[in-house]
Amino acid sequence: MTSAAPRIRARDVGLVFVGGVVGTAARLAVTLAVGDAAGLLTVNLVGAFLLGLLTAVLSRSTSARNRQIHLLLGTGALGGFTTYSALAVSATTDLAALGIAALIAIGGVVAAAGGFGLGGGLRASAQGRR
């Protein structure tokens, strides 16, 4: 038996849109502040860490509220903040960028795992105080 596909709600699309606008603006600000290569590295590693942290913190519950927070901050803001497309284009045009892309791929997994570990610890600590 298959389950029905989730319905797309206008509110959910709006949350992703608003988060995406904020995340994209933040990415632009970082890139302008530190330059293209350093900005590409920074936004992807910081974004991976924050997504891991957010996922761990929100994983304690599948409530509608947590789902909306994840749509706004995870899918929207962090999706707009990180940038696979710029990474892919840079890697095809410059050998040094290919090295940065490899660093981002490996570092992103490590950063996401670190954020997830920290988030799990924070969640366990908060549950222990209850």
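Can you work out the accessible area per residue across the chain, with the rest of the protein chains kept in place, probe 1.4 Å, in square angstrom? Don't skip to the end; give the middle numbers.
Values: 8100 Å² over 130 residues.
Accessible area per residue, the chain: 62 Å².
Among Arg27, Arg60, Arg11, the largest mean-square fluctuation in a Gaussian network model of the chain (Cα springs under 10 Å) belongs to Arg11. In this label model, Ser61 and Leu122 are separated by 1.6 nm, measuring between points 7 Å along each Cα→Cβ vector.
Measuring nothing but alpha carbons in the range 43-124 and taking Rh as the Kirkwood radius, the Rg to Rh ratio lands at 1.07.
The values are calculated or read from the model by the stated rules, or taken from the named source; none is laboratory data. This structure is a prediction, so every number in the text was calculated from the model and none was measured. Note: ideal-geometry Cβ built from the backbone for every residue, glycine included; neighbour counts use all protein chains shown. When the accessible area is computed, the model is the full protein with side chains, heavy atoms only, and any ligands, DNA or RNA have been set aside. Shrake-Rupley method; radii C 1.70, N 1.55, O 1.52, S 1.80 Å.
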